[in-house]
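Notes follow once the structure below has been shown.
Rule-based calculations on the coordinates, nothing more; no lab input. Note that this is a predicted model, so its numbers are computed, not measured. Note that we place each Cβ from the backbone using ideal geometry, even for glycine, and neighbour counts take in every protein chain shown.
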Amino acid sequence: MSAFEAYLVRGSDVVGVDRALSRLLDELVGDDRMAVTEVSEDEPVAAIVDSAQTPPLFTERRVVLARGSGRFSSAEVAPLVTYLRDPLPTTSLVLVGGGGQLARGLVEAVRQVGHVIDADVPRGRARTTWVASQLAASPIHLDKAAATLVADHLGEDLSRLHALVELLTAAYGEGARLGPDDLGPYLGQAGATAPWELTDAIDRADPAGAIAALHRLLGAGGRHPLAVLATLHTHYARLLRLDGDDEVTDERSAAAALGLTGSTFPARKALAAARRLGHDAIARAIALLADADLALKGALEWPGEVVLEVLVARLSLLGRPSAGGRQGGAGARGGATRR
């Protein structure tokens, strides 16, 4: 790769940042880590600038590494920003986030002469592309089904992907071609999942999928039962807000009614769910949530996980066509807290 005058490696995942930094240094200096000058985290900005302004002695380029760049305030990074306006062409300055919020001026200054590397796993649809690119660059080959299994199993914990690839490489050797059956003993605990995986499963009337998502939120996700209940309450409060509103005719008007800005996709999903369920089922859902809230706060001596399992199963069944015929308002409300 062509060397820039500056790099910034940032991210909230320490492991991901370390991996990104290691790859960057490999590309810049290879095995010659003697070409890297690391400035201690105890040093002020002036020490970083002085080191960056020092010409190389025995190499064509000099790499200056400074960790914990988030510890500096906007005022403190001013000398560094000034340096980056006219950096020494024989120095590659590598700044690593950490220690606090990175000063915006520093980030923009690096962008002008170099490259900002975001080490965190991307969100949304970009996650699928990211997983595919990481697996394609790995020393083993997973078929499509195996790659899908890995992505689904790790869920929100995609920072575990590289460790899993290393484990599979050690077990099967470089160049191995693997399918789903080869992965079983090495996957470990299912990773956390996003809250919308739970509400999506409920909306499609899939009790098994919803309870599986619930367990991942409570287990690897480490969410408290009341936090999960709050997620469900927010979801159904949106449906209730849209229910019967004559001014809501499409996803844009739904987003306006819900006070959502940016993407209208969440509003589209909420509107579709509200129309599919109808008023009676939404009202029953609100009643079930109220009973579950009382149960979690001591009305029943059930474990929180059991209360939520019953709630999620009943909410999922509300979306089935025959649900309205089986459940009445009072019966549904009482059923949320009876075995």
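Here are the numbers for this structure:
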| item | result |
| --- | --- |
| R238, R177 arranged by Cβ crowding within 10 Å, fewest neighbours leading | R177, R238 |
| FRET efficiency, 1/(1 + (r/R0)^6) with R0 51 Å, evaluated for T249 and A136 via beta carbons | 0.70 |
| FRET E, pair V107, A299, Förster distance 56 Å, beta-carbon r, rounded to 0.05 | 0.65 |
| Alpha carbon convex hull of region 195-335, projected area averaged over orientations, nm² | 8.4 |
| Estimated FRET transfer efficiency when R0 is 22 angstrom, pair D152-V306 (beta carbons, to 0.05) | 0.30 |
| Full-extension gain in nm, D206 to D118, via 0.36 nm per residue minus C-alpha separation | 28.1 nm |
| Relative compactness, region 6-118, computed as alpha-carbon Rg over 2.2 N^0.38 Å | 0.97 |
| Helix runs (DSSP H) in the chain reaching 24 Å along axis by Cα, Kyte-Doolittle at least -0.5 | 225-242, 265-294 |
| Cα→Cβ-extended label distance, 7 Å offset, between D86 and S74, nm | 2.5 |
| 10 °C / 1.306 mPa s Stokes-Einstein diffusion coefficient of the chain, Kirkwood radius on C-alpha pairs, µm²/s | 67 |
| Binned Cα-Cα distance frequencies in region 126-186 - 5 Å width, integer % | 4, 19, 35, 30, 10, 2 |
| Inter-probe distance in nm under a simple model that places probes 7 Å from Cα toward Cβ, at T37 and W196 | 4.8 |
